[in-house]
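Report on the following structure.
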Amino acid sequence: MSKTITKVIAGIGIVAGIGVAALPLSSYAADVAVSFVVKPTLAAAPTICASAAAAAAASNTVTTVDCTVGYSANGGASVSIKGKDAVLTLVSGSNSIPVVTGTPASLTAGTPAWGYKFIATTPGAGTGGLTATITNYAAITAADVTVGSNTAPVTSALGTFTFAAATAITTPAGTYTDTVTISVTPAAS
Amino acid sequence: MKSKLHILLGVAVVFVLGLGANLNNYAKAEDQGATEASSSDIAVSPSIDKLGYLKPGETYERTMTIVNPSDKTTSFKVNTSSFWVENESYELKWGVSESQYGKIAEWTDIDKTKVHTIDAGETYKFDYTITVPEDQAGGAQRLMVTIVLGSKGDAGFVTTETHINTLVYANIEGEIHPDAEILAHSIQNFSFSPSVVTRSTIKNTGDVDLDVKYKLYVADFWSGDEAYTSEEDKILMTDSTRMYEHIWSGAPALGVFNVTQEITLMGEVQTFTGVTIICPLWLVLLIVIAIVLIVIYFIHKSSKRKKQRA
């Protein structure tokens, strides 16, 4: 019994010793006093959109548009989306297409609605960035919905919004539009 | 008996050597601060502008630098609004504000209808002025200046605008009442992960935005040698409570440290001290198992002797 315990303790000690020695620790860095001022900077690309149906959409269909957004920041920042104003429907004169109800995986032709989803294609070099994924279609809102954020510098984060609009056979003809705002905002310093 | 003692002694030596090799091996972490815009990004600087104290009746000129590193001409408009924070995590909100702290947008001379154009590869200087009214009462003011970019390509039924928001902080001179209090402070005493964390919660009870300086000093518990030093400047906005975590995320995986945090608030320095032990979970489990086995060993040995005597 004593021999067994001694052997087990010895084994644990060896494992602990080797484990401690192998812990991933970094080495001292030399102090070099180099100093210059870098102003807080935000960079963002204008969204680049590509409509899947460049021509006017027929009634009783689903039309999608992909818009790519990118940003870089040397301090904390966030990216968010919202409707530009209080009118969240797609409007054509006195006619409108409502925002989607719930969070469906896809829109259905014949049921007028519109919504968006988001996928982060490149989180960006650094910490954080565009990491959120909204897999199902959601309604655009008047309040900002955050799709990415960083607390440390991030470079060249990229993501794609997919906007979809479904029409019914009874949807009146017209040019339906709405404006969304994608904001890149520094964190409170 | 002697051979068992030798084995235990050997094990202890291996353990201590392993421990010692690493206790003297932690890093002084370096802050990473570089930034680089991608080829298509419009870079706006400064994204945060702290104006300090402004005098009523005075006009202040500001310049914003906008760089277009792409190979295409880009145009933009400029808009203004105000901003504020919600909750202790300082979640930023913005828009038109009726708050007494958002009036600065009305005093800012920016033509919101003008379309500015930047050629490919060019740097554009955008100037604007802020004129503080003579009769403006003292206190904080916050301005958001937004660069509004249109979209490119075929957007179909959706028009997208990309907004690059920048924050401008100012305090107006006059009858002001700067006041704040530290509501809570803690230093994490034990951590399984390689990090040292302090948390502080400060409430601004006055009417001006305040600068808070956080200094984190970490020293080796045994030698007293400096392991890490970090200073962070944060703003504490009026009508807000801010919880801030000062973290040394590059700490070694094993060690004992004296932790000191200095918080400079309204010219006064408050110091908090504590000890943080960092030890990975697997090592804690091994130590506990070893202690249990040693206790069992001696109990067993003692009972064996009693039997032999009987």
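Under a Gaussian network description of chain B, with springs only between Cα atoms under 10 Å, the residue in B:V295, B:V115, B:V197 that fluctuates furthest is B:V295.
If only the Cβ of Lys and Arg carry +1 and only the Cβ of Asp and Glu carry -1, the dipole of chain B around its Cα centre is close to 3340 debye. Among B:I296, B:W94, B:Y244, whose Cα lies farthest out toward the positive end of the dipole of chain B, if unit charges sit on the beta carbon of Lys, Arg (+1) and Asp, Glu (-1)? Checking the options against the dipole of chain B, the answer is B:I296. Answer rounded, prolate or oblate for segment B:149-266, using the Cα gyration tensor with square roots of eigenvalues a ≥ b ≥ c: rounded when a/c is under 1.5, else prolate when a/b is larger than b/c, else oblate. Oblate. Note on chain B: helix-only mean residue ellipticity at 222 nm, from DSSP H runs of 4+ residues weighted -39500 (n - 2.57) and normalised by residue number, equals -6000 deg cm²/dmol. Candidate cross-link partners of B:K307 among the lysines, defined by an alpha-carbon separation under 29 Å and a same-chain spacing of 8 or more, comprise A:K3, A:K7, B:K2, B:K4. Name the shape class, rounded, prolate or oblate, that the alpha-carbon gyration tensor gives for segment B:42-95, where a ≥ b ≥ c are the square roots of its eigenvalues, rounded holds for a/c under 1.5, and otherwise prolate holds if a/b is larger than b/c and oblate otherwise. In terms of gyration-tensor shape, oblate.
Segment B:240-310 and segment A:107-160 have Cα centres lying 41 Å from one another. Spin-label model, B:V96 to B:A137: label points 7 Å out along the Cα-to-beta-carbon direction sit 2.3 nm apart.
Inter-label distance, A:S92 to B:W282: 6.3 nm, where each label sits 7 Å from its Cα along the C-beta direction.
Using a Gaussian network model of chain B in which every pair of alpha carbons under 10 angstrom is joined by a spring, one finds that among B:I48, B:I294, B:I278 the greatest mean-square fluctuation is at B:I294. Once the chain from B:E262 to B:D127 is taken as fully extended at 0.36 nm per residue, the excess over their C-alpha distance is 44.8 nm. Taking every alpha-carbon pair under 8 Å whose residues sit at least 6 apart, chain B reaches a relative contact order of 16 percent.
Largest mean-square fluctuation among B:Y101, B:Y214, B:Y90, in a Gaussian network model of chain B whose springs join Cα atoms under 10 Å apart, belongs to B:Y90.
Bear in mind these aren't lab numbers, they're just calculated from the coordinates by the rules spelled out. Since the structure is predicted, the reported quantities are computational estimates derived from the model, not experimental observations. Neighbour counts run over all protein chains shown; Cβ positions are idealised from the backbone, glycine included.
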